[in-house]
Every structure is written in C-alpha cells, then in structure tokens.
1. Restricting segment 110-139 to residues that are in a strand (DSSP E or B) and without any contact (Cβ under 8 Å) to a residue 40 or more places away in the chain, which is surrounded by the fewest Cβ atoms within 10 Å (Cβ to Cβ)?
2. What is the residue count in segment 62-81 for residues that are without any contact (Cβ under 8 Å) to a residue 12 or more places away in the chain and out of contact with any strand residue (DSSP E or B) (no Cβ under 9 Å at 6 or more places or on another chain)?
3. Which of the residues spanning segment 52-91 are at pLDDT 90 or above, surrounded by 15 or more Cβ atoms within 10 Å (Cβ to Cβ) and over 20 Å from residue 121 (Cβ atoms)?
4. How many residues are out of contact with any strand residue (DSSP E or B) (no Cβ under 7 Å at 6 or more places or on another chain) and in contact (Cβ under 8 Å) with a residue 40 or more places away in the chain when one looks only at segment 87-96?
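The values are calculated or read from the model by the stated rules, or taken from the named source; none is laboratory data. Just so you know, these numbers come straight off a predicted model, no measurement behind them. Because the Cβ atoms are built from the backbone with ideal geometry, glycine has one as well, and the counts that use them run over all protein chains shown.
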C-alpha cells in the first residue's frame, strides 16, 4: 500500500514539473518587450529576432506604400516612453511634433505588410509589434496608430475644457 502511494506521488510530481516547464517555456517564447526607439538603438544587437513592441512619431515624408504588394515602409522618431514626460512637453500632440521636427532624435525604419491605415500620416503615434531584423529594420506584424490632432478637431470642447 505504501508502494502504491509512492508511485502516485512520483507520478504527480512528474506531471507538476512538466506543467511548470511548459508554462515557463511558453511565457519566455511569447514575451514582448515594450521599448523606445532609443532603447532599441542602444541594445540593437541583443534585440535581433525578439518579439518587441515600440512606439514612435511617424515621419510623414518617409511613408512609402505599394498598393499591389501591400508593402508599407516608414520611419519613426524617438518619443518619450514616460507619459509624465509627454505631459511636461505639452501633451501628446506637442511631443509628436517635437519628435518629428528634431533631426537629432534616433529614428527606426519600419516595414509592414498590409493595407495602409488612414491615420498613417506625419506626426501620428505609431505603436508597432514585431521583430528587429539583423539589418536594423523593424519588421512589424501589427500596426496601431494614434493621431491626437484628429480627435482635437472633432471634439474641441472636450480638449479645451
């Protein structure tokens, strides 16, 4: 009877160990790091091939789109990663404008394959998810855009009051 309990206990521990291993390995494989353009540039060699999410200000004059292949290429400029810093700069619209007009800020080329979003324009905030290539280009699987000036014009009483 004691031998039967020992076998049951050992079997249970093996199953528990397997579950813990599977959880740990899948968590590490699917982990995403949210970074700024400056952080990507500083750690570029360590980040190649990793799942990343980053944010930056779209440089409108760099947008290139091929409607036949759905290939979209554009650059983003460094945007502060801390909302408190963005607020001290006068809000998101001012921070985006400063990022686009400052030629000394780090920039990163983004390549995305899919339909061109309507909000993709100069001074929009792009949030991209994907992987950094060994060539220093960010290959995006997902593209989200924020354009604060569009909403300010649509509902000015909420922005001002």
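1. It comes out as 139.
2. 1
3. Passing the criteria: 52, 53.
4. Here the count works out to 2.
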